[in-house]
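The values are calculated or read from the model by the stated rules, or taken from the named source; none is laboratory data. Everything numeric here is computed off the predicted structure, so don't read it as measured data. Because the Cβ atoms are built from the backbone with ideal geometry, glycine has one as well, and the counts that use them run over all protein chains shown.
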Amino acid sequence: MTLRLDVQWEEAEEVSSPELAATWARFSIFVGGDCLTVIEDTLASGYRNSIDVSVYPLAEWVADNWWFLTTPQAGRGAESAGISMPSNRALNEKRSRYSLASAGDGFPWPSLMLLPETGSYLLAQSVHRDRLQRVRFIMSGQYIVDFQETVYTLERFVDSVVRRLEDHGVEHTRLQVEWLAIQATPEGERDFCHAAAALGVDPYSANDQLADQILQASERVQDQQLLLDLLAGVGVSQLASGIEWLSSGLRALNARAPGAPSAQLIHLTETVGAQLAGTHHDLVANVPWETGYIRGRRTRDELSLDPTMRFDLSPYVSLLNIDLQSPGLVEGLARTGDVAPVTVTSRRRSGQSKRFVQARVLSRAVFEPQQGSYVITHGGTTRDKIERAFAAELLAPALGVENLLDNDFSEASRTSVAKHFNVDRRVVDHQIDNQVQLN
């Protein structure tokens with residue numbers, strides 16, 4: 001399943017603006033076989049699969065938000081971590097950066113959110129009525145597509161609009177100037193732009209102090225993807241403490257010589273992992289937690305564990321502690337791949353919280369075995385939702401919770417079940433709310 005932007009150029013001699021006239025088109029958006037630009041035209045009393053617009057504003061919007069649209073998890077963790085702005089302003093900024101409806105300029109655009117994630121792209125569309133144009137976009141849904149393919153699609157789209165302008169003798173527009181600057185950005189500066197975007201900051205408006213902090217952070221971490229993992233889980237105010245925590249975690253991780261995966265882990269990877277592993281875009285975007293639940297149940301079934309038995313994580317994922325408290329939404333640092341998985345967490349975390357992080361790492365080790373070092377955050381990406389659901393079902397399976405409760409859903413009974421499975425009480429509550437049928 002891929003994103004496709006279909007542009008069929010048309011003449012628009014009656015349009016006075018040169019850049020709008022040159023880029024007039026019949027425009028459609030497809031994801032796989034679904035057309036997202038199906039509209040109800042209230043004037044014509046009918047339906048069609050395309051909109052007649054100038055695509056110049058949309059291309060300009062893509063260029064304006066390029067670093068946000070091409071940075072996995074850009075600013076999404078930082079929002080939840082409490083960046084210093086009112087929630088309404090944060091919501092409006094998110095819409096302006098990720099929703100096609102923000103392209104504006106008087107044209108009707110679908111309410112399609114483009115949300116970059118690590119290795120995948122979440123596309124989320126809702127029904128949307130453009131009252132000015134008297135059209136209604138009737139398609140809604142969520143889709144998971146490949147990250148690199150989506151970035152390439154956006155890049156080709158902007159390139160085609162720029163070439164159309166050039167072919168019609170339209171020069172020096174803001175889009176052309178900005179796109180040329182983006183294309184000419186050197187690699188080191190690109191890393192800075194992605195880091196700023198991961199913090200939810202426009203790289204071109206970052207003040208000198210923040211720019212220095214980002215550059216120093218990049219110098220200390222020396223791993224761009226690891227840095228982006230961290231920045232997606234902290235706000236600007238927590239950048240310094242986040243880097244200190246990550247540096248401390250890396251020292252602990254690197255001081256431990258990589259060992260070989262246990263026989264138990266290899267068995268799970270070769271059985272359950274091989275059967276159920278898949279890239280995010282193979283999953284159902286609307287219910288990623290169901291994928292996590294299925295993976296958790298199948299893992300326990302493969303090990304022939306009774307649903308009321310406590311899961312022992314020690315043969316699968318080792319645990320290291322550091323003194324620093326993890327900032328923002330950051331929960332831990334981990335290393336997986338062709339080595340024995342290791343998790344680094346704050347010593348101050350409860351034992352139940354550490355077990356939950358270890359279970360998330362086990363999910364990554366079994367179902368995405370080619371990894372390395374990465375930061376684990378309490379974010380809202382598809383991968384986060386899958387891992388948390390897996391951890392809940394692995395550690396406190398819904399059937400086991402139901403059997404132990406035996407129709408007693410009192411506070412005392414829930415607490416007793418949480419103690420039995422050695423999980424936080426909130427895990428049991430989550431399982432009850434989402435998977436246990438209350439009688």
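The table that follows gives values for the structure above.
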{"quantity": "Residues that are of a type in the set (S, T, N, Q), at pLDDT below 80 and surrounded by fewer than 23 Cβ atoms within 10 Å (Cβ to Cβ), drawn from region 62-93", "calculated": "Ser80, Ser84, Ser87, Asn88"}
{"quantity": "Given (1) assigned by TED's automatic domain parsing to the domain that holds Arg300; (2) crowded, with 21+ Cβ neighbours inside 10 Å; (3) free of Cβ contacts under 8 Å to residues at least 60 places away in the same chain, index of the condition Ile243 fails", "calculated": "(1)"}
{"quantity": "Complete set of residues in region 10-55 that are exposed (fewer than 15 other Cβ atoms within 10 Å of the Cβ), more than 21 Å from Val135 (Cα to Cα) and either in contact with a helix residue (DSSP H, G or I) (Cβ under 9 Å, 6 or more places away or on another chain) or not assigned by TED's automatic domain parsing to the domain that holds Tyr152 (or both)", "calculated": "Glu11, Glu13, Glu14, Ser17"}
{"quantity": "Failed criterion for Ser314 (all others in (1) in contact with a Pro (Cβ under 9 Å, 6 or more places away or on another chain); (2) more than 22 Å from Arg251 (Cβ to Cβ) hold)", "calculated": "(1)"}
{"quantity": "Ser17 being closer than 23 Å to Arg97 by Cβ, polar (S, T, N, Q) and touching a strand residue (DSSP E or B) at 6+ places or on another chain (Cβ under 9 Å)", "calculated": "no"}
{"quantity": "One residue from Val170, Val234 being touching a strand residue (DSSP E or B) at 6+ places or on another chain (Cβ under 8 Å) and in contact (Cβ under 8 Å) with a residue 40 or more places away in the chain", "calculated": "Val234"}
{"quantity": "Test for Arg414: is it of a type in the set (Lys, Arg), out of contact with any Ser or Thr (no Cβ under 6 Å at 6 or more places or on another chain), modelled with pLDDT of 95 or more and buried (at least 21 other Cβ atoms within 10 Å of the Cβ)", "calculated": "no"}
{"quantity": "Considering residues of region 386-407 that are modelled with pLDDT of 95 or more and outside any helix (DSSP H, G or I) only, the residue surrounded by the fewest Cβ atoms within 10 Å (Cβ to Cβ)", "calculated": "Pro397"}
{"quantity": "Test: residue in region 424-437 that is of a type in the set (Lys, Arg), in a helix (DSSP H, G or I) and more than 20 Å from the chain's Cα centre (by Cα)", "calculated": "yes"}
{"quantity": "Criterion: crowded, with 18+ Cβ neighbours inside 10 Å and either part of a helix (DSSP H, G or I) or of a type outside the set (A, V, I, L, M) (or both) - qualifying residue of Leu253, Leu210", "calculated": "Leu253"}
{"quantity": "Single residue of region 37-65 satisfying the filter (of a type in the set (Val, Ile, Thr), out of contact with any Leu (no Cβ under 8 Å at 6 or more places or on another chain) and touching a residue at least 60 places away in the same chain (Cβ under 8 Å)) that is nearest to Phe157 (Cα to Cα)", "calculated": "Val55"}
